[in-house]
Amino acid sequence: MCGRFSLIATREEVEAFIAAIIEAEFPPRYNIAPTQPIMMVVAGETQPEGSNLPDRKSILVRWGFIPSWVKDPNSWPLMINMRSETAVQKNSFRIAMNHFRALVPASGFYEWRKVDKNKRQAYWIRPRKGGVVAFGALMETWSGTDGSQVDTGGLLTTQANKTLKPIHDRMPVVIKPEDFGRWLDCKHYLPHEVEDLMQPVEDDFFEAIPVSDKVNHVANITPDIQERVEEDLAPQKSEPKQKKKTDNGDDSGGQLSMF
């Protein structure tokens, strides 16, 4: 899965990579979290003959996919990731797979390796050659009974490749530049005609850099959360429980405060 990602490329770099119109400047974002606005690139209107403008455009959506038919979004689970293996068949994603496939530009993402029940090692996972990567995604607009509308979206995931499998068994779907057109063209390519694109990327595409647990907190949004640290895969030692003495002299196993 992918619970956090980053986009630190410039507007010009994203425009050149995805061949899309990015209408506004944006700051580098080091720790993008669920429910926050994220950039998605979708197919736009076909440009007039002779135009050199791209026919792809960017939109801002809420990271957390909500199908248009959901009556109460508060009762819907926070769906930031969707399994690509079942997305074509599931009712929740059928409309989006047919009409609203998208790309999410990113500089990389974060994943956590479980060491034991109380400890996880965080990793900054980025393209080995640097640059921007495009994740396969779905978007849909949810409309309220009061006329309000919210554009929402989520990332498609697939099985992890050999490089990332020791960290987690899932990874985002990566769409290559030569496949952008087919993926985004929902008018001419049905979902089953793009299923082959939702496969694990090559084993040497990403590199995983161990980082500190600063990334765990959404308030940490500075570049230092991507700095390499020494990988710590040693199980956490459990502290023996200490007994707390009560006023009447009896010993009771109370929980000790951290403060």
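The values are calculated or read from the model by the stated rules, or taken from the named source; none is laboratory data. The model shown is predicted, which means the values in this text are computed figures rather than measured ones. Reconstructed Cβ throughout: ideal geometry from the backbone, glycine too, with neighbour counts over all protein chains shown. Side chains included, ligands, DNA and RNA excluded: accessible areas come from the protein's heavy atoms. Shrake-Rupley method; radii C 1.70, N 1.55, O 1.52, S 1.80 Å.
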Whether the range 108-205 is rounded, prolate or oblate, judged on the alpha carbon gyration tensor where a/c under 1.5 counts as rounded: oblate
Testing the spin-label approximation: label points 7 Å from Cα along Cα→Cβ at residue 146 and residue 232. State their distance in nm. 4.6
Between 176, 162, 237, which gets the highest mean-square fluctuation from a Gaussian network model of the chain, Cα cutoff 10 Å? 237
With a 1.4 Å probe and all protein chains in place, put 222, 157, 163 in order of accessible area, largest first. 222, 163, 157
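Taking a 1.4 Å probe, which of 2, 186 shows the most accessible area, and what order do the others take after it? Kindly include the intermediate steps, with their values, before the conclusion.
Values: 2 0, 186 25 Å².
Putting 2, 186 in descending order of accessible area: 186, 2.
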Note on the chain: contact order normalised by length, alpha-carbon pairs under 8 Å, 6 or more apart, percent, works out to 20
Enter the accessible area per residue of the chain (Å², integer; probe 1.4 Å; all protein chains in place). 58
I want to check the label-to-label distance for residue 60 and residue 95. Put each point 7 Å from Cα in the C-beta direction and report it in nm to one decimal. 2.4
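Could you tell me which of the pairs 214/237; 57/214; 129/165; 71/214; 162/187 are separated by over 25 angstrom between their Cα atoms in the structure shown? Could the numbers behind the result be given before it?
Details: 214/237 21 Å; 57/214 33 Å; 129/165 20 Å; 71/214 37 Å; 162/187 35 Å.
Over 25 Å Cα-Cα: 57/214; 71/214; 162/187.
Please give me, ordered by residue number, the GluC sites (Glu not before Pro) of the range 178-209 that lie in loop per DSSP and have at most 13 other Cβ atoms within 10 Å.
Numbers: sites: 178, 193, 195, 202, 207; in loops: 202.
Answer by residue number: 202.
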Write down the radius of gyration of the range 7-153 and its Dmax, each obtained from C-alpha positions, in Å. 17.0, 60
Just going by the charge dipole of the chain, with Lys and Arg at +1 and Asp and Glu at -1 on Cβ, which of 75, 105, 95 is farthest out on the positive end? 75
Which shape class, rounded, prolate or oblate, goes with the range 109-156 when its Cα gyration tensor gives a ≥ b ≥ c as root eigenvalues, a/c under 1.5 marks rounded, and past that a/b bigger than b/c marks prolate? oblate
For the residue pair residue 224 and residue 85, what label-to-label distance in nm results when each label sits 7 Å from Cα along the Cα-to-beta-carbon direction? 4.1
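Would you compute, from DSSP H runs of 4+ residues alone, the mean residue ellipticity of the chain at 222 nm, taking -39500 (n - 2.57) per run and dividing by the full residue count, rounded to the nearest 500? Can you show the working numbers first?
On the way: 4 runs with 26 residues, N = 259.
So the calculated ellipticity at 222 nm is -2500 deg cm²/dmol.
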Mind jotting down the three principal axis lengths of the range 170-209 based on Cα atoms? Whole angstrom, largest first. 39, 18, 12
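Below 8 Å between Cα atoms, with a sequence gap of 6+, how large is the relative contact order for the range 75-206 in percent? Show your work: numbers first, answer last.
On the way: 227 pairs, mean separation 36.3, N = 132.
Computed over the range 75-206, the figure is 28 percent.
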